[in-house]
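Below: one structure, written as structure tokens.
The values are calculated or read from the model by the stated rules, or taken from the named source; none is laboratory data. Given the structure is predicted, the values throughout are model-derived calculations rather than measurements. Neighbour counts are summed over all protein chains in view; Cβ atoms, including those assigned to glycine, are modelled from backbone coordinates with ideal geometry.
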Ligand code: AHR
């Protein structure tokens, strides 16, 4: 099979906002306890954070991490995780039927985030709490006034504000499973009033209002329109969440999920623009795809109710999952004109690229690699790509071209980077490139993620799926079912 990618330096999608390479740490399972934090671990630092995990996280160069949930936040009192650790209350975590010890909270997490070199995207509880508590939290994090919550922060040892810029107004409030689930009208009102107070306290923050929990929600579309009808003038982004799985073991369909993701993004952008038109507004609402990943392997895992840090949602990712994650990243890059934030959900142990053993090893899963390369090299200006190649139709009627690709150039580095997935299960594809405006470009690096067995996984003892450097030859071919990064210098 053959394919051609055509680009022109003047035909630009947009500047990639580095925050599309964000991630997510929730208080759930072993994400925090046994994940980023384990004071008894042999690599633990003075704050109890695992240095082995920290090193892997740093490799991903994640610019922003959403915290502390997720469903967890909708029943959470942020004050429980501040101040003297010995006085912090143990609480029921209703969202995940676990016990939350509160050994780690905002005070600790912001220390960890500093070590990682990442910003925090803070979610407020709009399930069991409301505007006042959210305002107090903004005060605690960002202000320097002589007032109660600022003084509380200072007493807890933090003279300087944390300076948290990006905030989520609750989590998945459209979902019946959510603590404090609301109708679109109820949520639209409380989100608006919360936004007003938060921005009054700190006008420099940016707010993400909850969109639908996923595309298949029966309220999808109507939810966004009603919520924006209330909150449009007070918020900056609307959220999208979506997880995919190969539930029917149909790999061709599974590899095409990013086409679904693309349609989802375009639908939400259209809804935002409809709301904009209705409001006669000059302001554009952008998108925060703040939960995305593969999630299905761990479905049905049993654990002891009310235990501390049970092993839940610990999906073990195989090679085909990495291909889907790679193509979802391409979709995010190709939609960078509207998607300004995206969070791979999640980061450690829970549906995550990084895994640990309690008191033991840390290792990386298959999906770590496309994420790492995209985050490190996918920064700059995304170009519109025209791809001439064959396509196939999925059982649910999505048309998927065999080649999925994004093209990003970085003028400073004089570099053009192409991320490409070959979805064909049978054929290598010979690729030709028509790079208008980059005629002198030279291929200097070809990284390939390939495994002959789509179901291969990485374990603590065995890394079977890992990227390899390909020889650069006369002809450029992308192996069947492979993820690729091509770096050109111009
Ligand atoms: O990421 C796991 C869960 O998925 C989150 O807590 C929730 O927001 C979503 O449903």
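General remarks:
- From the list 215, 237, 187, 232, the lone residue that is touching a strand residue (DSSP E or B) at 6+ places or on another chain (Cβ under 7 Å) and more than 21 Å from residue 162 (Cβ to Cβ) is 215.
- Here 344, 323 are screened, and the one residue that is crowded, with 24+ Cβ neighbours inside 10 Å and within 14 Å of the chain's Cα centre (by Cα) is 344.
- Failed item in (1) within 16 Å of the ligand (Cβ to nearest atom); (2) touching a strand residue (DSSP E or B) at 6+ places or on another chain (Cβ under 8 Å), with residue 74 passing the rest: (2)
- Count of residues meeting criterion [crowded, with 20+ Cβ neighbours inside 10 Å and under 26 Å from residue 93 (Cβ atoms)] in the range 183-195: 4
- Checked against the criterion of being modelled with pLDDT of 95 or more, over 26 Å from residue 153 (Cβ atoms) and surrounded by 19 or more Cβ atoms within 10 Å (Cβ to Cβ), the range 64-84 has at least one qualifying residue.
- Residue 197, sole failed condition from (1) more than 25 Å from the chain's Cα centre (by Cα); (2) farther than 26 Å from residue 232 by Cβ: (2)
- Consider the range 8-29 and keep the residues that are within 16 Å of the ligand (Cβ to nearest atom) and touching a strand residue (DSSP E or B) at 6+ places or on another chain (Cβ under 7 Å). The one that is farthest from residue 342 (Cα to Cα) is 27.
- Selection of the range 200-235 for residues being touching a residue at least 60 places away in the same chain (Cβ under 8 Å) and more than 24 Å from the chain's Cα centre (by Cα) yields 200, 201, 202.
- No other residue among 273, 290, 304 is within 16 Å of the ligand (Cβ to nearest atom) and either over 26 Å from residue 392 (Cα atoms) or at pLDDT below 95 (or both) apart from 290.
- Of the criteria (1) touching a strand residue (DSSP E or B) at 6+ places or on another chain (Cβ under 7 Å); (2) at positive phi, which one residue 399 fails: (2)
- Filter result (surrounded by 20 or more Cβ atoms within 10 Å (Cβ to Cβ) and either within 16 Å of the ligand (Cβ to nearest atom) or modelled with pLDDT under 95 (or both)) within the range 157-178: 167, 168, 169, 170, 171, 172, 173, 174, 178
- Only a single criterion out of (1) under 19 Å from residue 405 (Cβ atoms); (2) within 15 Å of the ligand (Cβ to nearest atom) is not satisfied by residue 311, namely (1).
- The set of residues in the range 288-303 that are touching a strand residue (DSSP E or B) at 6+ places or on another chain (Cβ under 9 Å) and either in contact (Cβ under 8 Å) with a residue 60 or more places away in the chain or closer than 24 Å to residue 104 by Cβ (or both) comprises 288, 289, 290, 291, 293, 294, 295, 303.
- Number of positions in the range 39-55 that are assigned to a helix (DSSP H, G or I) and out of contact with any helix residue (DSSP H, G or I) (no Cβ under 7 Å at 6 or more places or on another chain): 4
- Extreme residue, nearest to residue 323 (Cα to Cα), among residues of the range 227-247 that are more than 16 Å from the ligand (Cβ to nearest atom) and surrounded by fewer than 19 Cβ atoms within 10 Å (Cβ to Cβ): 247
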